[in-house]
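A.B. asks: Structure incoming, see below.
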Amino acid sequence: MATEPKAGLSYADLQGFPDDNLRRELIGGELVVTPAPSTRHQRVVVALVVALDAYGAPRGGQVYPAPTDVYFSDKDVVEPDVLYLKADNAGRIEPRFVRSAPDLVVEVSSPSTRRLELVRKRRLYESYAVPEYWFVDLDAERIEVYRLREGGYGPPVLLERGDLLESTDLPGLCIPVETVLGTSET
């Protein structure tokens, strides 16, 4: 279960925690701690990383799975399950984190993090102008695609098995939803 025991923390505080297989993020200076994800969750992450790497490699894009910090501010540092940067934004990649908004962030649902990802992290990504946010909902067996436009993210595009996951910001990217969702066992 995600916990938020401390507030008023900064990125320097995050650096002082032990490496214990827990994901620690800051949203508004509040510490958010989540346990290691399930094996299915990780298979979905691998499928997305493989697809985004195949897309990005010839274009100079970079894909990173968690744990890779995205540093929006000293009080807002998160680890999306997957993030992607186009070649023209490679300057945002630093040795310890990605500074500022990636071109795409992806969160894969876990029972303990659903509300965090659909509410708090979605708002955070929207407020820092992340152009596209994908939420892979393993319970509903679908992908919700949020695209930034004037006024923020609009209602999501809902994609199910049989649909194709495409990006308006990444021309030519086309991933079958079936490839992302895989099987629901394990």
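A.B. asks: Run the numbers for R99 and E160: contour at 0.36 nm per residue of separation, minus the present Cα-Cα distance, in nm. Could the numbers behind the result be given before it?
C.D. replies: Details: separation 61, 0.36 × 61 = 21.96 nm, distance 3.22 nm.
Taking R99 through E160 to full extension adds about 18.7 nm, to one decimal.
A.B. asks: Something else about it: Among (1) 50, 40, 27; (2) 44, 38, 32; (3) 41, 34, 29, which is the computed Cα extents along the principal axes in Å?
C.D. replies: (2)
A.B. asks: Treating the angle as unsigned and between 0 and 90°, give the value, to the nearest 10°, between the Cα long axis of helix 39-56 and the longest Cα principal axis of the chain.
C.D. replies: Value to nearest ten degrees: 70.
A.B. asks: Choose one answer from V108, V157, V98: the residue with the largest mean-square fluctuation in a GNM of the chain with alpha-carbon springs under 10 Å.
C.D. replies: Per the Cα network of the chain with a 10 Å cutoff, V157 tops the list.
A.B. asks: Report ³J(HN,Hα) in whole Hz for each residue of region 75-81, in order, from the Karplus equation J = 6.51 cos²θ - 1.76 cosθ + 1.60 where θ = phi - 60°; Gly and Pro get x.
C.D. replies: Computed from phi, the couplings for region 75-81 are 9, 10, 9, 10, 10, x, 4 Hz.
A.B. asks: Along Cα→Cβ, 7 Å out, is where each label goes; now give me the distance between the ones at E30 and R123 in nm to one decimal.
C.D. replies: Simple spin-label model gives 0.8 nm for this pair.
A.B. asks: Please list, by residue number, everything in region 55-88 whose backbone N is under 19 Å from a paramagnetic label point 7 Å out along Cα→Cβ of R114.
C.D. replies: What the label zone holds, given the 19 Å backbone N cut-off, is 81.
A.B. asks: Oh, and also: Grab the Cα-Cα distance for D13 and T168, subtract it from 0.36 nm times how many residues apart they are, and report the gain in nm with one decimal. Walk me through the intermediate numbers first.
C.D. replies: Numbers: separation 155, 0.36 × 155 = 55.80 nm, distance 3.70 nm.
My answer for the length gained is 52.1 nm.
Each reported figure results from applying straightforward, stated rules to the coordinates on display, with no laboratory input. Treat the numbers as computed from the prediction; the structure is a model and nothing was measured. Heads up, the Cβs are rebuilt from the backbone with ideal geometry, glycines too, and the neighbour counts pull from every protein chain shown.
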